[in-house]
Amino acid sequence: MTAAEYFEQMYAESSDPWQLAERAYEQRKYALTVASLPRDRYRRGFEPGCSIGVLTGLLAPRCDELISTDPVAAPLTLARQRVGGSHVSLRQAALPDDWPAGPLDLVVLSEVLYYLSAAARVQVLAHVMSTLAPDGHLVLVHWRHRFEAATCTGDEAHDEVVACEGLVTLVKHVERDFRLEVLGRG
């Protein structure tokens, strides 16, 4: 599992180390993610690893309640400036242990699974299965290429989740650089 110090160092060097707010690639990926949501409105969503809140800002208008977390405090300051509303909770918390109680009808795992160990990914999937509402949706979006801090590729992480009994793929979008899937209960 990638240590918290890795992320703390990234944010010490830049307030937006992955240029989430600037890169056209990120903007397009986020737009496709939100456009792929099967419903216009969700009661209760969870977005771990929210970073500076760019995707959070797009998810917030679609949720009655949105819980967004990041393991590092620094990006949450920018996320709070970007995303307002009493229905959005931004807090410091880390996967796999910090998971809200269910039911959740939207879980967005964007660019997070490959930072976790195989055991932690299993634990996250168990959390998903125990808290995802019967009509809920799980969104997976990940970079497809290997990189040093990752424990697996995005494709490998997606394949683990898609293989889970009880989930069916509703949307699948694959490009050279990222893979996006929306799953529901089977």
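The values are calculated or read from the model by the stated rules, or taken from the named source; none is laboratory data. This one's a predicted model, so the numbers in the text were calculated from it and none came from an experiment. Backbone-built Cβ (ideal geometry, glycine too); neighbour counts: all protein chains shown.
Filtering segment 152-178 to residues that are part of a helix (DSSP H, G or I) and closer than 24 Å to A3 by Cα leaves G154, D155, E156, A157, H158, D159, E160, V161. Determine whether segment 2-14 contains at least one residue that is among the aliphatic types (A, V, I, L, M), assigned to a loop (DSSP other than H, G, I, E, B) and surrounded by fewer than 21 Cβ atoms within 10 Å (Cβ to Cβ). Yes, there is a match, as at least one residue in segment 2-14 is among the aliphatic types (A, V, I, L, M), assigned to a loop (DSSP other than H, G, I, E, B) and surrounded by fewer than 21 Cβ atoms within 10 Å (Cβ to Cβ). Of all residues in segment 159-181, those satisfying the criterion of being under 24 Å from R39 (Cβ atoms), in contact with a helix residue (DSSP H, G or I) (Cβ under 8 Å, 6 or more places away or on another chain) and in contact (Cβ under 8 Å) with a residue 40 or more places away in the chain are V161, H173, F178, L180, E181. Pairing residues of segment 32-49 that are touching a residue at least 24 places away in the same chain (Cβ under 8 Å) and part of a helix (DSSP H, G or I) with residues that are of a type in the set (V, I, T) and surrounded by 14 or more Cβ atoms within 10 Å (Cβ to Cβ), at Cβ distances under 9 Å and at least 6 apart in sequence or on separate chains, gives L32/V141; T33/V108; T33/V139; T33/V141; T33/V182.
Only residues that are touching a His at 6+ places or on another chain (Cβ under 7 Å) and not charged (D, E, K, R) were counted across segment 64-76, and they come to 1. Taken over segment 1-56, the criterion of being among the charged types (D, E, K, R), under 18 Å from the mean Cα position of the chain (by Cα) and within 18 Å of L90 (Cα to Cα) is satisfied by D16, R43, R44, E47. Among what's in segment 24-48 and is of a type in the set (S, T, Y) and out of contact with any His (no Cβ under 7 Å at 6 or more places or on another chain), pick the residue that is modelled with the lowest pLDDT. By that ranking, first place goes to Y25. β-branched (V, I, T), more than 15 Å from L37 (Cα to Cα), out of contact with any Ser or Thr (no Cβ under 7 Å at 6 or more places or on another chain) and at pLDDT 95 or above: is that true of V108 in this structure? No: the conditions fail for V108.
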